[in-house]
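Note sheet for the following structure.
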Amino acid sequence: MITILRRLRKSLIDSGKTRRYLLYAIGEIALVVFGILIALQINNWNEDRTLQIKEEKILTRLLENLNSAQIQSRQFISNEKKGVDLLFQALGTPNQLQTLISSPKVDSFFYSIFWSFEQNTPLLNTYSDIKNSGESGLISNTSIRESFS
């Protein structure tokens with residue numbers, strides 16, 4: 001193909017047909033520009049596809065983290081409910097408190113009340129990763145993206 005175009009160009013120059021040569025040159029330039037535009041379009045399409053794949057991975061990891069955080073939160077809530085029940089036992093009527101104090105396991109009871117309360121927060125590793133890396137811009141859903149800020 002290139003040799004044919006070379007021969008055509010050479011024959012147009014040699015024959016003195018400048019106008020036809022200029023049309024040929026403009027056509028060749030247009031073909032090159034058209035090829036570059038196609039290559040840019042393919043590159044943009046490929047970049048969009050890779051960004052969609054990254055977004056899907058981020059949202060999948062975030063969903064997995066949220067599900068595990070929900071499970072952890074349920075465990076934390078049940079532990080706190082047990083602690084609250086123990087506190088209500090300790091703060092019961094004076095007769096109940098006297099019975100409790102006279103029991104042999106009173107030390108372990110109060111130890112479990114006062115030292116079992118912790119401030120538990122479920123871990124969301126993906127959230128902190130997205131926040132630190134600045135990948136929140138990859139999320140196309142505006143409500144999810146705004147939830148990060």
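Results, tabulated for the structure shown:
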item	result
Qualifying residues in region 52-68 (those that are among the hydrophobic types (A, V, I, L, M, F, W, C) and open to solvent by 80 Å² or more (accessible area, probe 1.4 Å)) - the one nearest to residue 142 (Cα to Cα)	63
Where a residue in region 55-71 is of a type in the set (Asp, Glu) and its partner, wherever it lies, is surrounded by 11 or more Cβ atoms within 10 Å (Cβ to Cβ) and assigned to a helix (DSSP H, G or I), with Cβ under 8 Å and at least six apart	55/138; 64/126
Yes/no for residue 49 being under 30 Å from residue 133 (Cβ atoms) and out of contact with any strand residue (DSSP E or B) (no Cβ under 6 Å at 6 or more places or on another chain)	yes
Cross-chain or 6+ apart pairs with Cβ under 7 Å, region 120-134 first and polar (S, T, N, Q), then assigned to a helix (DSSP H, G or I) and open to solvent by 90 Å² or more (accessible area, probe 1.4 Å)	126/61
Residue in region 24-46 that is out of contact with any helix residue (DSSP H, G or I) (no Cβ under 9 Å at 6 or more places or on another chain) and acidic (Asp, Glu) present	no
Any hit, region 33-41, residues being among the β-branched types (Val, Ile, Thr) and more than 30 Å from residue 137 (Cα to Cα)	yes
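Conditions tested, residue by residue: (1) modelled with pLDDT of 90 or more; (2) under 22 Å from the mean Cα position of the chain (by Cα); (3) part of a helix (DSSP H, G or I).
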{"position": "21", "(1), (2), (3)": "no, no, yes"}
{"position": "32", "(1), (2), (3)": "yes, no, yes"}
{"position": "41", "(1), (2), (3)": "yes, no, yes"}
{"position": "61", "(1), (2), (3)": "no, yes, yes"}
{"position": "69", "(1), (2), (3)": "no, yes, yes"}
{"position": "80", "(1), (2), (3)": "no, no, yes"}
{"position": "83", "(1), (2), (3)": "no, no, yes"}
{"position": "87", "(1), (2), (3)": "no, no, yes"}
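The values are calculated or read from the model by the stated rules, or taken from the named source; none is laboratory data. The model shown is predicted, which means the values in this text are computed figures rather than measured ones. Cβ atoms come from the backbone with ideal geometry, glycine included; neighbour counts cover every protein chain shown. Side chains included, ligands, DNA and RNA excluded: accessible areas come from the protein's heavy atoms. Shrake-Rupley method; radii C 1.70, N 1.55, O 1.52, S 1.80 Å.
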